[in-house]
Each structure stands twice: as C-alpha cells, then as structure tokens.
Amino acid sequence: MVFRRVEGGISQWPGSGGGPYGRVMPELDITGGPVFRRLAAALPAACVLALAAVPPAALSSSPSPSPFRAPSGSQLGAPPVSPGTESLLPASRIAAGAGREIDPAAVDRFVNAYREATGLPGVAVAVTRGAKVVHVAGYGRTASGEPVTGRTPMAVASLSKSFTALAVMQLVEEGRVGLDAPVREALPEFTMADPRAARITVRQLLDQTSGMATSAFRERSLPQPRSLREAVARLRGARLAADPGTRWSYHNTNFQVAARLVEVVAGVPFADRLRTHVFGPLGMRDSRTIDTERDLPPTARGHLHLLGVPIALAEPHGFGNGSGGVISSAGDMARWMIMQAGEGTGPGGVRVVSAAGVAEMRTPSRIKRSYALGWALGTTGSGAPVVEHDGDLSTATARQTLLLRSGHGIVVMANTGTAYDDSGAIADALVAMAEGREPEPPPSPSPFLLVDAVFALAAALTLALAGRGLVRSRRWSARRAGRPGWRTAARLLPYAAPGVLCLTITDVFRVLSRGGDATWAHVAYLYFSFVIWLLLAAVACALLLLARLRHLVLAGAGQASR
C-alpha cells in the first residue's frame, strides 16, 4: 500500500543507511582472544543497525496502546449483518467494472496459508461491498486460547481515530461545535504553556495540523493519564512544535483532546456517547471504547514471535481513549464499513451522519494531502482511490480500507504486534482480490524467523564465550597485575557498553527514529529477539567485568603482602 504507519500514525520509516558505527570498542575481549575482539568490535554496529533495520512502531507516538474492557454478556446479542443484504449504495455509486466480488473461499485459503507460513496465532476479517456483507470470519485462537470468530472483540488501535472524528462531526451537524472554531471555545480547560494553542481549531486536531508533536510533548514516555480529563490537563505545561495549521505531525494527543471535547459538549462520558450515537444505531453490540491497556479483555490481548513461536504478552502501559481505545469484532466492523460505503447510512437504512459530513471527513488539509479527518487517503496497487487507516499496538494490529470506486470495505484485525504488520499484509492481499489481481504469497520462511535465528545464535555464542572468559579470568588478571592502571581500565571499560546501551536504548531509538518517543518496554517489544540478546550480553559482560576486577584486586593484594 501507499501508506506505512507507526503506532498510532502514518509515517515514513527512518532510513537504515550505513554510518560510522564500526570499531567503537575494539578492545572488548571476553575470552582474551582475537575472535571475540572482532565480535565485540561489531557490537555497536549490530546494536544500531538492528534498531534501524525494523520500522520503529511508535515514532509518531503510536501507540499508543489501546485498551479495553470486555463487553458484558448483554451487549453481545446483536445479530450479525446478514450476507446478501441488498446494497444501500445506488448503482451509480459503484463504478461499473470497478473490481469484482471477492470469493469467501479464496479469502479463507489465503488467510489459512498466511497463518501457516508466518505463525500468526489469530486474525479476524470482514469484507463488505456497498451494504452487502461478503465475508466475516475468524481464524486461529486468541491469546487466552479461545477460537477467534466473527464475534470476538479485538483491538482496532488507531482505527479508533475514525470513530472519534465521526463523534465530533455529529456534534458539528447538531450545531454544537464549529469545525473551524478554536478548540477552547468548546473546551475551555484546554490550555497549554504556549499562547499559540489558543488558535488551534477543532479541524486541526482531527487532521493532525494543530502544531502538537512528539518533538515538543513526549506523550508516550511521560506518566500516563487515567482519563480524558487528565489527558487534557497534562498539556498545561506543554508547548507546540509549530504554529497551528502550518505542519502535519501524527500525534495521539490530538484525538484525546477531541474525545474530551465530545464528552464535555455532549455532557456524557465519551464511551457513552459512542455507545448511544455510533455503536448502538449501527448495531455494533460487540464494540466499546476504554482508557488503558489494563482494560483489555483476554480476547484482545496479543503476541510477539520468538523463533516462530507466538508468545502471549501484556501490552505495555499507556492511555489510548479517543486515539486508540476502541475494541470491536469483525461482524461489527462490517457494519461500520457498510456505513462508510453508504456515506453515513448504515445497515437497515439508519443514518448516523450526513453524506456531506462524510465528505468533510475525507477532505485532506492543504498541509498534508494524504491525511483527512481521522482517515488516510491513498491508492491501491492498480491506482484506485481508497480511504483507510492502520492501527498498531505493540501486540496487535488492524487495518480498515474502503475502495471508493468498487465500494469494497476490508477490515483485518491480527493479534500480533506492529513489528510484523500481519493485518496490513492480509489487507493488501484482499484488496488485490477485490481488484482481480493475484495477491502476493506470504513469505516463507518468515524473515522474522531468520532474524530471530541470527540473534539466538548470537546469544548462544555470547554465553559460550562469556563462560570461557569467566574460567580464564584469573589468568587474565594475573597477566595484567602490575601494569599501568589506565591500560587495564581501557581494556575493561568496553564491557560496560551492553549495559549502557540497555540503559540508554530509548535515547538511541529516539535518534534513529528522528525524534520518536517510546518507553523501554515499547522498544523491547519492537526488537524482541535483539533486546533478549542485548540483555544476555549485558549480564555476561557485567559478570566477566566483576570477575576480572575481583581477581585484579586479589592479585594486587598478593603482591602487596610479598
């Protein structure tokens, strides 16, 4: 696809070009031999290049985590949208010959083949055309071991921004909010330590041109709020990175402010407003929005891979309501895409927003022609226009795509992290099917398996060499007893490098991602096998350093006694 995004946003990945990273620690010598000196000399390069090699998911603030509470049983009773429902789109709305009907059996075959090739634990898919449900299905299992079905609540992450934009547009159409009015008119509590913030408009929040950016406000690594009110309150000491309306920057806080605006103007919690004005009217009974990753139901938790084996892990801590807090099922997302294709009219003819409002939400800013109000604009591989959005957590991903000419709606939700982009790969394949093109086969073996194998080998080699170095530490220290202290210190200092990198890895990430913001946990989840190896190297070097220092002290004491 045209767009690649990072948790929470669409962005270019930082380049991974070479640089002067070699020969930083030529003296690192766990074994005292030349082989490990060469390996050690490559450690800084390996660390930096490994960080640069994988797209940093969180650069523009991703994540941020999306968080979820399990729906109660009484909320899971909505009947699924029935396949074969007559389209609400007039025939003129679907261009003749624009794509073809997707074969559900072909979808099943591709998804099953993809899971077999990549080890993807679970995924849910929804395919619509106009108001017709073509296919809704789940594959595999959740992190809690339950089968994934069309009714399984899963994380949609930053797809939530489209829901927040709709909630704002509804208030605009009710005459209660001005799209081009200053945010502060509707939300007086929105204040920043920057006088320019008074000029930020509601539209600029939704098209990400408010001037807020990670470079000026590190929304992810700062203490996390517990509510939308707190999300707005923590901006009081923040400044803008640019004048409002002059620069585009993907920033989750924009949509958290917008969601707070909705609940203040509507006079009800944001979750209740979505339930009564979006989820309820559209029959999306499996859907809700919540605040933090602590609210994730077991079915919405995800995985990382290690040597091809999926490992269920908790999502790193973060706040996501308004920007990434919606959970939903494939069946519910089919209803959502029917409404999008119907330009505001959902299943059964219910209208939740005007066609003009939908058009407004798909109108890009003059600053960023590929991003509108909670939607990205692009083209397919064949050049057909689409509106779409990706969602990325550290342990789950999602993508929604609407092909404007053919009326196809495609949603994929996968329970693996942003490093793998499984939802994007499957969605690309389904778009190809909708256009009559042959989808690209999944890679086999997975490139991530090869990367993990390299770091597993590196870890085994590191431990073996460290063990050998520990055994020989007495001899090493004896040879250096009596030598100038600065020379011995110079030989030992490089052993601290892996530990130092562990402590500063978020700063390294920030440099490589050109200002991206992440916590230690986010970086570890993104570069899973690399960080495991780095931790092992840090522990091994620390133990060897301590052993050699101990023997140096003992050797010095022995010489003094003689």
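Below are the figures for this structure:
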{"read-out": "Index of the failed condition, GLU435 passing every other in (1) under 27 Å from VAL278 (Cα atoms); (2) open to solvent by 30 Å² or more (accessible area, probe 1.4 Å); (3) not hydrophobic (A, V, I, L, M, F, W, C)", "value": "(1)"}
{"read-out": "Which numbered condition THR462 fails, given (1) touching a residue at least 40 places away in the same chain (Cβ under 8 Å); (2) over 27 Å from VAL553 (Cα atoms)", "value": "(2)"}
{"read-out": "Flag for GLY322 being outside any helix (DSSP H, G or I), in contact (Cβ under 8 Å) with a residue 12 or more places away in the chain and either farther than 29 Å from ARG115 by Cα or in contact with a strand residue (DSSP E or B) (Cβ under 8 Å, 6 or more places away or on another chain) (or both)", "value": "yes"}
{"read-out": "Members of segment 379-400 that are touching a Lys or Arg at 6+ places or on another chain (Cβ under 6 Å) and buried (at least 23 other Cβ atoms within 10 Å of the Cβ)", "value": "ASP390"}
{"read-out": "Those residues of segment 454-480 which are more than 26 Å from PHE530 (Cα to Cα) and either under 36 Å from the mean Cα position of the chain (by Cα) or open to solvent by less than 30 Å² (accessible area, probe 1.4 Å) (or both), in sequence order", "value": "SER473, TRP476, SER477, ARG480"}
{"read-out": "Options ALA376, ALA359, ALA372, ALA334; residue that is surrounded by fewer than 21 Cβ atoms within 10 Å (Cβ to Cβ), out of contact with any Cys (no Cβ under 9 Å at 6 or more places or on another chain) and not acidic (Asp, Glu)", "value": "ALA359"}
{"read-out": "Residue tally, condition over 20 Å from GLY391 (Cα atoms) and in a loop (DSSP other than H, G, I, E, B), over segment 326-360", "value": "8"}
{"read-out": "Candidates GLU343, GLU293, filtered to the one that is over 30 Å from PHE448 (Cα atoms), out of contact with any Lys or Arg (no Cβ under 7 Å at 6 or more places or on another chain) and of a type in the set (Asp, Glu)", "value": "GLU343"}
{"read-out": "Given (1) within 18 Å of ARG129 (Cα to Cα); (2) open to solvent by less than 20 Å² (accessible area, probe 1.4 Å); (3) in contact with a Gly (Cβ under 6 Å, 6 or more places away or on another chain), number of the condition VAL353 does not satisfy", "value": "(1)"}
{"read-out": "Conditions (1) under 13 Å from LYS161 (Cα atoms); (2) in a helix (DSSP H, G or I); (3) not charged (D, E, K, R): number failed by TYR250", "value": "(2)"}
{"read-out": "Residue check, GLY211 touching a Gly at 6+ places or on another chain (Cβ under 9 Å), surrounded by 20 or more Cβ atoms within 10 Å (Cβ to Cβ) and without any contact (Cβ under 8 Å) to a residue 40 or more places away in the chain", "value": "yes"}
{"read-out": "Subset of segment 153-188 (residues that are hydroxyl-bearing (Ser, Thr, Tyr) and open to solvent by 10 Å² or more (accessible area, probe 1.4 Å))", "value": "none"}
{"read-out": "Of all residues in segment 267-320 being of a type in the set (D, E, K, R) and under 24 Å from the mean Cα position of the chain (by Cα), the one that is surrounded by the fewest Cβ atoms within 10 Å (Cβ to Cβ)", "value": "ARG294"}
{"read-out": "Of the criteria (1) of a type outside the set (Lys, Arg); (2) over 30 Å from ARG234 (Cα atoms); (3) in contact with a His (Cβ under 7 Å, 6 or more places away or on another chain), which one GLY122 fails", "value": "(3)"}
{"read-out": "The one condition in (1) modelled with pLDDT of 95 or more; (2) surrounded by 15 or more Cβ atoms within 10 Å (Cβ to Cβ); (3) of a type outside the set (Asp, Glu) that ARG220 fails to fulfil", "value": "(1)"}
{"read-out": "THR363 being at negative phi, among the hydroxyl-bearing types (Ser, Thr, Tyr) and either assigned to a helix (DSSP H, G or I) or in contact (Cβ under 8 Å) with a residue 24 or more places away in the chain (or both)", "value": "no"}
{"read-out": "Residue that is nearest to GLU173 (Cα to Cα), among those in segment 223-244 that are open to solvent by less than 10 Å² (accessible area, probe 1.4 Å) and touching a strand residue (DSSP E or B) at 6+ places or on another chain (Cβ under 8 Å)", "value": "ALA231"}
{"read-out": "Condition check for THR191: open to solvent by less than 10 Å² (accessible area, probe 1.4 Å) and of a type in the set (Ser, Thr, Tyr)", "value": "no"}
{"read-out": "Residues satisfying the stated conditions in segment 297-319, i.e. assigned to a strand (DSSP E or B) and touching a strand residue (DSSP E or B) at 6+ places or on another chain (Cβ under 8 Å)", "value": "GLY302, HIS303, LEU304, HIS305, PRO310, ILE311, ALA312, LEU313, PHE319"}
{"read-out": "Complete set of residues in segment 112-150 that are open to solvent by 50 Å² or more (accessible area, probe 1.4 Å) and either out of contact with any Asp or Glu (no Cβ under 9 Å at 6 or more places or on another chain) or farther than 23 Å from ARG100 by Cβ (or both)", "value": "ASN112, ARG115, GLU116, VAL136, ARG141, SER144, GLU146, PRO147, THR149"}
{"read-out": "Qualifying positions in segment 402-460 - hydrophobic (A, V, I, L, M, F, W, C) and closer than 15 Å to VAL134 by Cα", "value": "LEU402, LEU403, ILE410, VAL411, VAL412, ALA427, LEU430, VAL431, MET433, ALA434"}
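The values are calculated or read from the model by the stated rules, or taken from the named source; none is laboratory data. What you see is a predicted model; the values in this text were computed from it and never measured. FYI the Cβ positions are ideal-geometry reconstructions off the backbone, even for glycines, and counts take in every protein chain you see. Please note that ligands, DNA and RNA were not included when accessible areas were found on the heavy atoms of the full protein model with its side chains. Shrake-Rupley method; radii C 1.70, N 1.55, O 1.52, S 1.80 Å.
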